[in-house]
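In what follows, a single structure is set out as structure tokens and then discussed.
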Amino acid sequence: MIPALFTGLCDDAAVFPPGLSPLPDAVAAHDGYSAAWYTDLVGPLVVAAPALDELAGVLGARETPLPLAV
């Protein structure tokens with residue numbers, strides 16, 4: 001169990017260096033963290049403002065909210 005103080009501590013910046021994950025891969029990986037033991041540590045997916053149009057295409061008609069930081 002993760003102490004409440006550390007909830008959301010680690011933003012997911014997978015699309016930025018050094019990872020440079022393609023946005024579709026980063027969204028899929030972020031979704032996968034919900035099943036990990038450390039899920040409570042994971043904060044929002046961080047995306048650059050110019051990538052928001054691409055993100056809209058990746059998300060499509062998604063019904064599950066995606067925690068996001070721009």
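Rule-based calculations on the coordinates, nothing more; no lab input. Because the structure is predicted, anything quoted here is derived from the model rather than measured. Virtual Cβ from ideal backbone geometry, glycine too; neighbours counted across all protein chains shown.
Considered as a group, the residues in segment 15-36 that are surrounded by fewer than 12 Cβ atoms within 10 Å (Cβ to Cβ) and assigned to a helix (DSSP H, G or I) include one that is farthest from the chain's Cα centre (by Cα), and that residue is 35.
Among the residues of segment 37-50, those identified as touching a residue at least 12 places away in the same chain (Cβ under 8 Å), under 23 Å from residue 9 (Cβ atoms) and assigned to a helix (DSSP H, G or I) are 40, 41.
Taking the condition over 12 Å from residue 69 (Cβ atoms) and either surrounded by 13 or more Cβ atoms within 10 Å (Cβ to Cβ) or among the hydrophobic types (A, V, I, L, M, F, W, C) (or both), does residue 12 pass? It would help to see each step written out before you state the result.
Details: over 12 Å from residue 69 (Cβ atoms): no; either surrounded by 13 or more Cβ atoms within 10 Å (Cβ to Cβ) or among the hydrophobic types (A, V, I, L, M, F, W, C) (or both): yes.
Answer is no for this residue.
Give segment 13-47 a look and list any residue that's in contact with a Phe, Trp or Tyr (Cβ under 8 Å, 6 or more places away or on another chain) and of a type outside the set (D, E, K, R), or say none. Before you say what the answer is, go through the steps one by one.
Here is the first cut: in segment 13-47, the ones in contact with a Phe, Trp or Tyr (Cβ under 8 Å, 6 or more places away or on another chain) are 39-42, 46.
The answer is 39, 41, 42, 46.
Looking only at residues in segment 58-70 that are loosely packed, with under 10 Cβ neighbours inside 10 Å and small (Gly, Ala, Ser), the one that is farthest from residue 21 (Cα to Cα) is 61.
Condition first: touching a helix residue (DSSP H, G or I) at 6+ places or on another chain (Cβ under 8 Å) and small (Gly, Ala, Ser). Now tell me which residues in segment 1-18 satisfy that. Scanning segment 1-18 gives 8, 14.
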